[in-house]
Each structure stands twice: as C-alpha cells, then as structure tokens.
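The values are calculated or read from the model by the stated rules, or taken from the named source; none is laboratory data. Keep in mind the model is a prediction, meaning the values are calculated, not measured. Here the Cβ positions follow ideal geometry from the backbone for every residue, glycine too, while neighbour counts run over all protein chains shown.
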Amino acid sequence: METLLAVAFTVGLLSGLHCIGMCGGIMGALTFGLPQPIRQDYRRLLPFLLAYNGGRLITYSIAGLLFGAFGAGLFELLEPWLGQGWPQRLAAVVMILIGLYIAGLLPQLIGIERLGLPLWRRLGPIASRLMPVQRKSVALVYGLIWGWLPCGLVYAMLIAAAGQGSALFGGLLMLVFGLGTLPAVMLTGVLAGRIQDWAKRARLRLLAGLSLVLFGLVVLIYPTVIDWKQAAPGLLE
C-alpha cells in the first residue's frame, strides 16, 4: 500500500502545473473576493486557503470511498487472474497516462471530463452563489463543491482508487493525491493567480509530464508488492 500512496502523492505533486492552470483562476477569484486587509495579511489569508482546500480534499476522499466501494467486487474477481500486485500496476498505468496528458502528448484524456458535466451543471450555480466568500465556514462549503469540478486528472486517479478493493483504501489514495496537489494550489492562492502564465509554459509541462511517465514506468516494471491485507487485518471486513 505504501507504494500506491507514494504514487498517488507523486502524481499530485508533479501535476502542480496542471492544477495551477486549471484552478489558478478559481483561487485568484476567491482571493481577490476577500477584503483587502485579509488579502494582505497571510496569517489571515491562510485559514481561508486551508478551508477551500480542506473542503476539496474531503470531496476527493468521499469520491475515493465511493469508487473504492464500487471496485471492491471487481478487485476480488480480478485478483486471482492478475496477481496480488495488480493495483500497483493499475496505478502506474494511470500515472503514465496522466504524465502524457500533462506533457501534452495525450490530449484525449480531457474527454473523460465530460462524464462529470451533468453533476457540475447542478453544483456550479450553487458555488457561484457563495461568492464572494467572506467567512471561513463558507470557504469550506465552497471547497466541498469545488472538489466535484470535472477534471480528467482526478477522474484518472479515481480509476486507480476503484482498483484498491475497499472503500477505505480508495478514499485514502484520493486523500494522499489531494495532499500532493496542495503546494501548487495553495501557492496560487497566496499569489492570487499571478503564476498562471508561468505554469502554462510548454517546456515545464513537458518536463513535469515526462517525469510522471518515468516514475510510472519504474513502478510498473519494479512494483513493490505489499500484502496489505495481512498488514492491516480486518480493514476489509
């Protein structure tokens, strides 16, 4: 399981450029919507940024729980055929696909974002009515909604979460992935979206994407197989 969590965190961390490009505008709008005294004082701004992103991570975890529960039956069906280490291999393949997407070599991955559009058509207007956010409690609610924003990268990770064989591990995988995205998204909030142009540089995206591909290939070829069912007995019952 440690291998999977390391993969999930690395995907989130190296996907920072994608997160800045996709969510930088949202973070910038949220930051500029706050009163100027809060924007200029990082000690007062930080709780709002933590509330936004805390809500987002809660939503990622809930989605991971749901997909993990959904995939539990599939896990039991496939494990005898694919072997014990197949969740690591699935996560590695997902990582490679995300890396190619970030590098601009697999733009078709964005097509899976259409799957979440019906839900977002309902949630998007609710999020809009919460702006401008003036209270930390509202910031948390906004973050909970923001986490359902259609994103091909998140959906790809949910596929890996579905392969974990339990709701618990699916939720944990998505939580760790979300933690990996925090540095980039938090930095965007602090700088009020001013690094978006920097994040769009093709060479940087290519470097980050190919780094993900390389790491994914290493995990795929040399997986560290851990019998987490025995290491954590009773968690799947």
Notebook entry, point to check: Which is closer than 12 Å to Val190 by Cβ, modelled with pLDDT of 90 or more and either buried (at least 20 other Cβ atoms within 10 Å of the Cβ) or in contact with a helix residue (DSSP H, G or I) (Cβ under 9 Å, 6 or more places away or on another chain) (or both), of Leu46, Leu57, Leu65?
Noted result: Leu46
Notebook entry, point to check: Looking at the range 73-91, which of its residues are over 15 Å from the mean Cα position of the chain (by Cα) and at pLDDT 75 or above?
Noted result: Arg89, Leu90
Note to self: So, restricting to helices (runs of 4 or more DSSP H) that lie completely within the range 104-192, which ones have at least 1 residues that are in contact (Cβ under 8 Å) with a residue 24 or more places away in the chain and surrounded by 20 or more Cβ atoms within 10 Å (Cβ to Cβ)?
What the structure shows: 136-146, 152-162, 167-190
Notebook entry, point to check: So Met95 fits all but one of (1) modelled with pLDDT of 85 or more; (2) under 14 Å from the mean Cα position of the chain (by Cα); what number is the exception?
Noted result: (1)
Notebook entry, point to check: Restricting the search to the range 6-44, which residues are free of Cβ contacts under 8 Å to residues at least 24 places away in the same chain, part of a helix (DSSP H, G or I) and farther than 30 Å from Ala160 by Cβ?
Noted result: Gln36, Pro37, Ile38, Arg43, Arg44
